[in-house]
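Q: Provided herewith is a single structure, encoded as structure tokens, for subsequent inquiry.
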Amino acid sequence: MIASCRKEEGIRPVVEKTKAERKKSQPKADPVKKNSVSQGKQNVSSGTKKKEQPDSPGVSAIYQGKIAIVLDDWGYNLNNVELLKQIDAPLTLAILPRRAYSVRIAELAKELNKEAILHLPMEPHREKQYQLEPDTLLITMSKQEILKILEMDFKSVPGLKGISNHMGSQATESEDLMKVIFEELKKKKLYFLDSLTGKTVGKKLALEVKLPYARRSVFLDNKSDAEYIQGQLEALAKMAKQEGFAVGIGHDRKRTLEVLVQAIPELKKRGFKFVYTSELVE
Ligand SMILES: [Zn+2]
């Protein structure tokens, strides 16, 4: 299941934003202006007010940009929790609903000052055969069916701040399905992180209904290879520097976490600021 998720979530090109969007999300590394832009966004951490400083004490690097790292597919086991504990930075954990350890991971997220979101299984295009998670939201489902599943899923990730799509290349193209989900998110004051697995209607719809929305900039671990992951982190850092912020999505995998344990302190030293996804939603 994890492997198929990676393929589905990795089918989009690494860099998503158009030049026009980059321009819009300026300034590059102008801390004062960026701060004014981010007013009114949801901030999880109370320490975010003086956030335009590198957060390693004694580090004098020039501020480079904000990075949110999201780790997908938690809930099946606790195998990588020890590695997670070694990462001293805000991270967002995207937890699959109603798995053996969904609740436990959500609790751990709270204990470890990480942000928990629901990683909602959504229908992929079926040109390849994917093994679907139980109760994957399908475009053929009725509104009642969707709401029933959402209700159960929300309950299984206590303290969640938002949701993201697991797979979903098909489902995120469906305005009808997405509208039902977004209406529920509005009611519950949650944000949507678009994993960008297809030609999503997410951004357009989020603007229409004024739902806090963020989207993936870079997939970090389409290959479970340390050098590859480091390269993707560099691409993410470059984008954060150019645009002011970037969202990187990786997975609950040993190799990914091992690379992050090493790389995050280095990126902090270089002036990058790690934030929760909720600090980047617009
Ligand atoms: Zn996933």
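Q: Taking a ≥ b ≥ c as the square roots of the eigenvalues of the Cα gyration tensor of region 131-172, is the shape rounded (a/c under 1.5), prolate (a/b larger than b/c) or oblate?
A: Note, shape of region 131-172 comes out oblate.
Q: For region 97-195, I need the span (max minus min coordinate) of the C-alpha atoms along each principal axis, in Å, sorted largest to smallest.
A: Principal extents (largest minus smallest coordinate, Cα): 39, 30, 22 Å.
Q: Under 1.5 on a/c is rounded, so check that first for region 62-133, then, if it is not, pick prolate when a/b is larger than b/c and oblate when it is not; a ≥ b ≥ c are the square roots of the alpha carbon gyration tensor eigenvalues.
A: Judged from the Cα gyration tensor, region 62-133 comes out oblate (a/c at least 1.5, b/c at or above a/b).
Laboratory data are not the source of any read-out in this text; all were calculated from the coordinates shown. Fair warning: this is a prediction, and the values are worked out from it, not measured in the lab.
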